[in-house]
1. Residue by residue through the range A:29-65, note down the ones that are in a helix (DSSP H, G or I) and either within 16 Å of A:Thr17 (Cα to Cα) or modelled with pLDDT under 95 (or both).
2. Could you grab me the full set of residues in the range B:1-28 that are open to solvent by less than 30 Å² (accessible area, probe 1.4 Å), in a loop (DSSP other than H, G, I, E, B) and within 14 Å of chain A (Cβ to nearest Cβ)?
3. Give the residue, chosen from B:Val133, B:Val142, that is away from every other protein chain (no Cβ under 14 Å) and open to solvent by less than 30 Å² (accessible area, probe 1.4 Å).
4. Under 6 Å between Cβ atoms, which residue pairs at least 6 apart in sequence (or on different chains) link something in the range A:217-232 that is at pLDDT 95 or above with a partner that is assigned to a helix (DSSP H, G or I)?
5. Restricting to the range B:88-110, what's the tally of residues that are among the basic types (Lys, Arg) and not in a helix (DSSP H, G or I)?
6. Can you spot a residue in the range A:179-191 that is within 29 Å of the chain's Cα centre (by Cα) and more than 18 Å from A:Gln22 (Cβ to Cβ)?
7. Restricted to the range A:88-115, and to residues that are open to solvent by 60 Å² or more (accessible area, probe 1.4 Å) and out of contact with any strand residue (DSSP E or B) (no Cβ under 7 Å at 6 or more places or on another chain), which residue is nearest to A:Ile58 (Cα to Cα)?
8. For the list (1) in contact (Cβ under 8 Å) with a residue 40 or more places away in the chain; (2) within 14 Å of chain B (Cβ to nearest Cβ), I need the number of the one condition that A:Ile97 fails.
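The values are calculated or read from the model by the stated rules, or taken from the named source; none is laboratory data. A quick note: this is a predicted structure, and the numbers were derived from the prediction, not measured. As a convention, Cβ positions derive from the backbone with ideal geometry for all residues, glycine included, and neighbour counts pool all protein chains shown. With ligands, DNA and RNA removed, areas are computed over all heavy atoms of the protein, side chains included. Shrake-Rupley method; radii C 1.70, N 1.55, O 1.52, S 1.80 Å.
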2 protein chains.
Amino acid sequence: MRLTILGCYAATPRTITNPTAQVLEIKNRLFLIDCGEGTQVQLRKNKIKFSKINHIFISHLHGDHFFGLIGTISTFALLGRTTDLHIYGPKGVKEIITLQLKLSNSWTTYDLFFHELESKESEVIFEDSKVIVKTIPLKHRVYTNGFLFQEKAGERKLNVDAVQQYDIHTAYYQKIKNGGDVTLDDGTVVANKELSFDPIPALSYAFCSDTVYNEDIIPIIQDVDILYHESTFLESEAALAQKTLHSTAIEAAKIALKANAKQLVLGHYSTRYDGIERFKQEAQTIFPNVLLGDDGVSFEFL
Amino acid sequence: MRLTILGCYAATPRTITNPTAQVLEIKNRLFLIDCGEGTQVQLRKNKIKFSKINHIFISHLHGDHFFGLIGTISTFALLGRTTDLHIYGPKGVKEIITLQLKLSNSWTTYDLFFHELESKESEVIFEDSKVIVKTIPLKHRVYTNGFLFQEKAGERKLNVDAVQQYDIHTAYYQKIKNGGDVTLDDGTVVANKELSFDPIPALSYAFCSDTVYNEDIIPIIQDVDILYHESTFLESEAALAQKTLHSTAIEAAKIALKANAKQLVLGHYSTRYDGIERFKQEAQTIFPNVLLGDDGVSFEFL
């Protein structure tokens with residue numbers, strides 16, 4: 001699983017920082033999460049192939065999370081894309097995009113599917129054979145969702161040496177991969193753990209931005225491997241975080257701790273600060289495993 | 001008069017090129033013309049103060065000319081702007097912007113005035129004491145206007161030595177600046193040209209993008225000082241220019257020649273070419289005074 005941060009700064013794009021957008025590569029699927037202005041250029045800079053993105057998730061309709069969506073959709077069309085594109089986002093996103101396509105008299109060369117979200121409860125919004133995606137209802141100034149991406153547990157790996165040693169017929173292989181024991185011709189039962197290895201662990205990633213500190217999300221993200229949680233402010237601006245329905249680095253760390261996350265990634269930093277190292281220092285007073293998200297940074301998780 | 005090209009490439013923004021946006025400084029007024037995605041960052045890169053922009057002109061609603069407008073408007077608000085902002089553009093631009101402001105629950109901190117354009121005839125859309133702006137109806141795939149910016153002729157400059165020599169009372173100064181002669185107490189008439197100098201010549205700038213070759217615009221831009229005319233293609237793609245309602249560099253030069261422009265600035269280059277020098281070479285086979293627009297380039301005209 002690979003997370004590439006295209007942008008992770010709050011509010012306005014600047015010459016040196018970009019608004020929120022990130023690409024999650026999970027089980028060979030590429031998911032684009034949020035799409036601030038300039039995302040298509042950030043995709044180019046980070047050498048991510050447009051054609052591999054089939055699903056875009058939009059957390060909420062503040063500009064720093066979606067003003068780049070119409071440009072991305074249009075560019076895909078200008079490049080002659082034919083593959084379906086799915087957009088998941090708050091109710092209203094379809095009207096915004098289709099109005100602009102209509103007024104520019106520029107329809108897409110591919111089918112565009114909108115999956116508009118309105119529920120205030122967590123729900124499954126995407127599922128295929130290998131990945132499931134659920135919403136994480138967040139508390140912000142407008143209707144906002146985080147997204148929980150979960151790999152499905154894979155099959156057990158066949159222990160080739162062992163099955164050959166026991167001379168087990170290939171007809172049993174799928175049963176073994178599914179976790180079953182095997183009874184030999186002489187009646188001996190060989191336990192599955194002798195015939196197979198554990199599957200590659202299924203990983204999970206939770207994207208939570210933007211939100212005030214909100215413990216209601218903990219049951220949804222419990223035991224998540226990687227938690228990206230917004231940390232717009234340092235503790236000195238805790239009151240401002242509360243007022244604007246954002247979080248501090250320490251609050252992000254508290255959520256990571258209580259949810260038993262393995263790793264916390266910080267982001268959505270206010271541009272008022274000179275650097276971002278302080279965010280890590282403050283978060284680590286609560287929770288040790290902190291990574292600093294930053295534009296153009298890519299993390300691989302195994 | 002200073003023209004700063006923020007972006008002058010067609011279609012999609014890339015890591016090295018930007019879609020259309022430019023800033024015209026004329027008589028101490030700053031006009032933003034078109035606003036492709038990333039314009040606010042280009043404004044920052046070119047150190048143009050957001051607070052000095054009070055008027056934005058949008059030629060048409062193709063993405064490479066206006067997808068950066070909503071972000072620019074929002075950033076002005078995030079920075080606490082209080083000065084009025086005027087948007088001139090095709091009918092529909094108000095609906096696009098207000099829908100996005102509504103759905104993001106983020107109203108501007110300043111008054112936003114939309115001047116929606118529908119006329120197919122040239123019309124005056126802005127006028128103050130020093131500048132007048134008229135539309136230039138263009139032929140493109142959607143409703144499109146170019147814009148003609150004209151300085152008003154200034155007052156004549158008082159020849160201070162001469163008026164003192166003739167001992168002319170200050171009460172006559174405004175009459176002299178307006179071009180009037182002065183009759184002295186002894187009945188002698190002193191011609192205005194003895195008492196004043198010519199005013200600084202009034203300059204004019206015509207922005208014509210996007211458009212197919214169209215001689216109908218010539219009467220509107222006749223004798224313009226600076227003509228920016230799109231040249232999406234080289235002559236080898238003349239058929240494609242015709243089909244997509246764009247122009248070639250040679251066609252831009254023909255318009256400059258027939259309109260008796262003093263200077264032609266090229267831009268809106270297709271990104272299919274490796275460099276832009278050929279655009280100038282081809283245009284100069286028709287018209288000598290050609291400047292190549294390019295991102296981040298600034299021209300001063302006197």
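1. Scanning the range A:29-65 gives A:Thr39, A:Gln40, A:Val41, A:Gln42, A:Leu43, A:Arg44, A:Lys45, A:Gly63, A:Asp64, A:His65.
2. Passing the criteria: B:Ala10, B:Thr12, B:Pro13, B:Thr17, B:Pro19, B:Thr20.
3. On inspection, the qualifying residue turns out to be B:Val133.
4. Qualifying pairs under 6 Å: A:Ile218/A:Lys258; A:Leu227/A:Ala256; A:His229/A:Ala252; A:His229/A:Ile255; A:Ser231/A:Ala249; A:Ser231/A:Ala252; A:Ser231/A:Phe279.
5. Of the residues in the range B:88-110, 1 are among the basic types (Lys, Arg) and not in a helix (DSSP H, G or I).
6. No, every residue in the range A:179-191 fails to be within 29 Å of the chain's Cα centre (by Cα) and more than 18 Å from A:Gln22 (Cβ to Cβ).
7. Going through the qualifying residues, I end up with A:Glu95.
8. (1)
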